[in-house]
Every structure is written in structure tokens, then in C-alpha cells.
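Encoded as C-alpha cells, the structure appears first; notes follow it.
Each value in this text was obtained by applying a stated rule to the coordinates, not by laboratory testing. Fair warning: this is a prediction, and the values are worked out from it, not measured in the lab. Don't worry about glycine lacking a Cβ; one is built from the backbone with ideal geometry, like all the others, and counts go over all protein chains shown.
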Amino acid sequence: MNATRVLVLNSGSSSVKYQLIDMRDATRLAVGLVERIGEQTSRFKHTCLTSGDTRELDGPIADHDAALKAVAEELARDGLGLDSPELAAIGHRVVHGGMFFTEPTVVDDAVLHEIERLIPVAPLHNPANLTGIRTAMALRPDLPQVAVFDTAFHTTMPESAARYAIDTKIADRHRVRRYGFHGTSHAYVSRATAHLLGKAPEDVNVIVLHLGNGASASAVRGGRCVDTSMGLTPLEGLVMGTRSGDLDPAVIFHLQRVGGMSMDEIDTLLNKRSGLFGLCGDNDMREIQRRMEAGDEEARLAFEIYVHRLKKYIGAYYAVLGTVDAVAFTAGVGENAAFVREAAVEGLAGLGLAVDGARNAVRGDEPRLVSPEGARVAVAVVPTDEEMEIATQTYALVGKNS
Ligand code: AMP
């Protein structure tokens, strides 16, 4: 293929993140972010990595159409315009692909329709992702647009892990099941962990802990996901920055019946005012660490609840997998917070899990082992790269089809 560049677009409800990558050598040519779309105070930061130029623009950007046009203009100023014959495809992050999309998919009308049909199970994300795709299609109708789904990696989960124990007919009618999210990250990190161990992904079992503001764990057997902690929505599972993770569903009835809260209020409570933030008023792990060091008991308890849940998932996925080759930490907290990694495996020597203090303290951008030499189970830090994974999957698909 002569066209070797892929533009990766991650369209949120009020933001667009992008990266232009040359797939010949996985070089990033440009990166940027448009924020607060639709407000008077929109912000646009674009960096051309070939020249090192960064440009920041403040001022209203009305909608995604205007945002993408602004992105296209900035890329063109750097000689990287969307009309370049070197652009092979645009890869879009799509949060919810349901059970239908098990792989990256070239977008056509039927695909758009199916992503639209999934809006009821992803009301915050899929509409924004669709807007991004439609806008990009209007800008370059001739170019392959590829949807890469956050849920796809988890479609290999067996029914025993994917189903909730509720009435099957009702579950099927309303598509209630465990889909999982962050799949692009879990796929990338589980594969990179195998490479770090010098093995093929098919030959290792990995527990991936994606700990960012959103957080999820997955159990990956031989490169295929067999369980993950997020469910119908990204609310289930680990304690997160602002989401509660697991709780007795009866808490919701109780808050409605006894607390007099509306469903929307409870939704906001569990998604936006819970987790670390709900427990101590901070969702940034750096701030929680600072407060703990200053003797703040509220921050300490929030951290202990966070770590307790994390340990339960490590234990659960150990049991699901039977044998584990590695536990891999990734995302903002997992990659940077050595004290979280240490606390998560503390007391788990019986499972073969431990960190080496000196190794764990090393910071860096490269995948690395933090377990002691010769440990039965490797503990690894593997920086995630969802954009590169989306670009890789997009390019592979377009290459296959061309
Ligand atoms: P992400 O969602 O992957 O971008 O992760 C964002 C979160 O990572 C922030 O909310 C912080 O809690 C956490 N984080 C980022 N840098 C650090 C750090 N140096 N130490 C501890 N936590 C960090």
C-alpha cells in the first residue's frame, strides 16, 4: 500500500482527540485535542510531531463538524492534510459494539444503523462516536472509515461470564448482559505483556488491571478475554475515580424508596459522585496519596476500599484462569502509582505475587517487570496505547481489503 497513514479519532460528547500515525514505522506525526465543543470556551491544542510545533486556539467551536474541520485545517498547515494520498483510512473509537461487532469493521450504512441501535445501552458514548464518524465521512467520503469497538475484545467471554443471573427472556429482550469496556486497552496490554515475557499471546494467561479514572480488570487466557469487570455499562466492577463499581442492586431501590431520590439522581450519584471522589472528595490518586501522607483518615479509607476491591478481582480472576503468568498494571494509576501496585499484591505471596521495591519504584514509558527475579507470576507495568491499537487494527483491516 502507498497510503500508509491512519488518522485515529476518539469523539466524545464534547471533545475530539486525534492522532495521525504513519504505520510504516508506527510514528506519530500529529496529535491533538479539541475540548468543550459547543461552548463559548472551546479549546483546541494541536501538535505537529515532525516539526515540534504546538498551536493552541481558544474560542467557540460550535459542533463536531466545526471541530473536525478545524483539525483538518491544522493538519493541512503542517502538510498532513486529510486530502493527502498517503492517508489510508480513518479509525474511530466506538465504545459500544454490543454482541454484533466482534472485530474492527469498515463503516457503511448498515454499520451506522447498528451502532445507532446500540444507543440505549450506551447513551453517553455511541451518539458522540456516531457524530464523529458521520462528520469524517462527509469530509472524506471516498476513504475507508473503520470502527474499532471497546467491547469487541470481550465478545469471547463465555456465556457463564457474560450473563447476569436474571430472567433470560427479559435479559434477551432488553439486551441485558455483560459487555465489558476498555477492550482496546486490554487487548493491547495483554499482548504486550506476552511479548515482555518473550512468549506468544496464545501461550500466556494474564490478568490486566486498567486503572485510570475509569478502571477495569480482565482475565485473558491465551490472548482471549474470558472475564472482565465492567458489565452492561462501565459502572460495574472496580472502585473508580467517580464510579462506585460493584454494589448490591438493592441500594438503588433503597435510595429511591427510602431516600426519595429519582432514577436520574441515583444514576448521577453512582456514575459521577461515587468511587474515590464520593468517598473522600478527590478522584485523583496523586491527591489521595498526598492526603494520606499528611495523615488524612478519609483519604486512607478511600484508598483501602479501592485496594480491597482490586485484590478481590485479582483473586477472582486467578481462580477463573487457574494458572496465571502475569498481572499487568496499566493506565494513569496503574502506570504511575507504585504505591497502588505494591498495596494491590501485598499479602498475595501465596499466589506467587509480589513486587520488588526497587524495580517498582522505577518510572518509565516502556513495558517493564516489577516482580522479583524468578517470581512464579510476573507483575508488569505496561503503558497502554489505545490510539496505536486502533491504528494497527484499522490499517490491518484496510490492508486486507485493498
Ligand atoms: P487515565 O484515565 O488513564 O488518564 O488516568 C487518570 C488518573 O491517573 C488520574 O485521575 C490520576 O488519579 C492518575 N494518575 C496520573 N498520574 C499519576 C501519578 N503520577 N501518580 C498517581 N496517580 C496518577
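Taken over the range 296-337, the alpha-carbon convex hull comes to 73 cubic angstrom per residue. Measuring between their Cα centroids, the range 200-233 and the range 254-306 lie 25 Å from each other. Cross-link partners of Lys400 among aspartates and glutamates, defined as those whose alpha carbon lies under 16 angstrom from its own and excluding same-chain residues fewer than eight positions apart: Glu103. Close amide-amide hydrogen proximity is noted between Thr384 and Ala331, each under 5 Å apart and 5 or more residues distant or on a separate chain (H modeled in the peptide plane; Pro and chain starts excluded). Protection proxy ranking, highest mean first, for peptides 306-315, 8-17: 8-17, 306-315, where packing is the per-residue count of other beta-carbon atoms within 10 Å, averaged.
At 37 °C and 0.692 mPa s, grab the translational diffusion coefficient of the range 235-309 from Stokes-Einstein with a Kirkwood Rh over Cα pairs, rounded to a whole number in µm² per second. Provide the component values of the computation, followed by the final result.
On the way: Rh = 12.8 Å.
Translational diffusion coefficient: 257 µm²/s.
Only Cα sites of the chain enter the Debye sum here, all with the same form factor; the resulting log10 I(q)/I(0) across q = 0.09, 0.13, 0.14 1/Å is -0.57, -1.21, -1.37, listed in q order. Grouping the Cα pair distances of the range 359-402 into 10 Å bins from zero gives a pair-distance distribution of 24, 30, 22, 18, 5 percent in increasing distance order.
Taking 0.36 nm per residue of separation and subtracting the Cα-Cα distance, what length does fully extending Thr268 through Val251 add? Don't skip to the answer; put the middle values down first.
Working: separation 17, 0.36 × 17 = 6.12 nm, distance 1.41 nm.
Here the answer is 4.7 nm.
Assuming charge only on the beta carbon of Lys and Arg (+1) and of Asp and Glu (-1), the dipole of the chain about its Cα centre is about 660 debye to the nearest 20.
Dipole magnitude for the range 310-372: about 140 debye, using +1 per Lys or Arg Cβ and -1 per Asp or Glu Cβ, origin at the Cα centre.
What value does the range 106-220 have for Rg/Rh, both radii from Cα atoms and Rh as Kirkwood defines it? Show your work: numbers first, answer last.
Values: Rg = 16.9 Å, Rh = 16.5 Å.
The Rg/Rh ratio comes out at 1.03.
With the convex hull constructed from alpha-carbon coordinates only, the range 1-128 shows a mean projected area of 8.5 nm² over all directions. The fraction of all Cα pairs in the range 260-402 landing in successive 10 Å bins from 0 to the largest distance is 10, 30, 31, 20, 8, 1, 0, given as whole percents.
Computed from the alpha carbon positions, the gyration tensor of the range 120-162 leads to an equivalent ellipsoid with semi-axes of 28, 14, 5 Å, biggest first. Placing a label point 7 Å from the Cα of Ala171 along the Cα-to-Cβ line, no residue of the range 242-281 has its backbone N under 15 Å from it. Across all Cα pairs in the range 182-333, the calculated P(r) in 10 Å bins from zero up to the longest distance comes to 11, 36, 30, 18, 4, 0 percent per bin.
For the range 82-135, pairs of C-alpha atoms spaced more than 16 angstrom apart make up 41 percent of the total.
Listed by chain and number, the lysines placed with their C-alpha closer than 25 angstrom to that of Lys45 are Lys17, Lys69; residues fewer than eight positions away on the same chain are left out. Which whole DSSP H helices in the chain pass both tests: a Cα extent of 24 Å or more along the axis and a mean Kyte-Doolittle value no lower than 0.0? Sorted by number, the helices that extend far enough and score high enough are 297-321. Expressed as a fraction of 2.2 N^0.38 Å, the value expected for a compact globular protein of N residues, the C-alpha radius of gyration of the range 45-110 is 1.43. Put +1 on the Cβ of every Lys and Arg and -1 on every Asp and Glu Cβ in the chain; which of Gly212, Leu310, Ile166 then has its Cα farthest towards the positive end of the dipole? Of the listed residues, the answer is Ile166.
Tell me the relative contact order for the range 1-94 as a rounded percent, counting alpha carbon contacts under 8 Å between residues six or more apart. Intermediate results must be reported in sequence, preceding the final value.
Numbers: 185 pairs, mean separation 27.9, N = 94.
Once divided by the residue count of the range 1-94, the mean separation gives 30 percent.
Once the chain from Tyr164 to Thr50 is taken as fully extended at 0.36 nm per residue, the excess over their C-alpha distance is 36.1 nm.
For the chain, calculate the relative contact order in percent as a whole number, restricting contacts to Cα pairs under 8 Å that are 6 or more residues apart.
Values: 814 pairs, mean separation 57.1, N = 402.
For the chain, the relative contact order is 14 percent.
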